[in-house]
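Worksheet: the structure to be examined is printed underneath.
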Amino acid sequence: MKRLEAGRRMKNLVLFVPQLVALCGRLLKDKRVPKTEKALLAGAIVYAVMPFDFIPDMIPFVGQIDDAYLIALTLLRLINHTNEGIVREHWHGGGDIIQLTGSLARIAPLVLPKRVRRVLSSRIERAPEKQDAAEKVASMKFVEVPERDTSGGER
């Protein structure tokens, strides 16, 4: 039941993907956005417009979920590394972009295949617990995960 409800909510959120891509484009032009974040935003845009990715965009609805999820994660990282006011300033859609992004990041994993979800979110470390669920998602941090030594020896 939880998965079915998530699918319904996700359908509404996926309709925001073009607006999210436009938001990323506007953020690329903002001088207050760090270069690293701009590179990630550009990557999210490229991923969203490519028809063939983890879930091909030719599959209606499902093909856009991974795009929306990756953009949401990228925006959450940007919010975590800069002032959320910058993101709000560039948002021209309805509603609060911070809450929308948090909803996308919470709901998409419920409808994405585990393998895709794992690949897209493999380098995320959650920040310490906070009061509100939206704040929890908005406070996610990306970290570099050290590579495993598969040779069995020491590095």
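Observations
- Residue match in segment 74-95 (condition: outside any helix (DSSP H, G or I), surrounded by fewer than 16 Cβ atoms within 10 Å (Cβ to Cβ), of a type in the set (D, E, K, R) and on the phi < 0 side of the Ramachandran plot): no
- Per this entry, LEU70 is counted among residues that are in contact with a Phe, Trp or Tyr (Cβ under 6 Å, 6 or more places away or on another chain) and assigned to a helix (DSSP H, G or I).
- Where a residue in segment 74-94 is under 14 Å from ALA44 (Cβ atoms) and its partner, wherever it lies, is buried (at least 21 other Cβ atoms within 10 Å of the Cβ) and among the hydroxyl-bearing types (Ser, Thr, Tyr), with Cβ under 9 Å and at least six apart: LEU75/THR101; LEU76/THR101; ILE79/THR101; VAL87/THR101
- Residue count for segment 91-122, restricted to those that are in contact with an Asp or Glu (Cβ under 7 Å, 6 or more places away or on another chain) and within 20 Å of LYS38 (Cα to Cα): 2
- Condition met for LYS31 (part of a loop (DSSP other than H, G, I, E, B), without any contact (Cβ under 8 Å) to a residue 12 or more places away in the chain and not hydrophobic (A, V, I, L, M, F, W, C)): yes
- Residues located in segment 26-52, provided they are among the acidic types (Asp, Glu) and surrounded by 17 or more Cβ atoms within 10 Å (Cβ to Cβ): GLU37
Taken together, the values in this text are just the output of simple stated rules run on the coordinates, not laboratory data. Predicted model, so just to flag it, every value in this text is computed and none were measured. Using ideal geometry, Cβ is built from the backbone for each residue, glycine included, and neighbour counts are taken over all protein chains shown.
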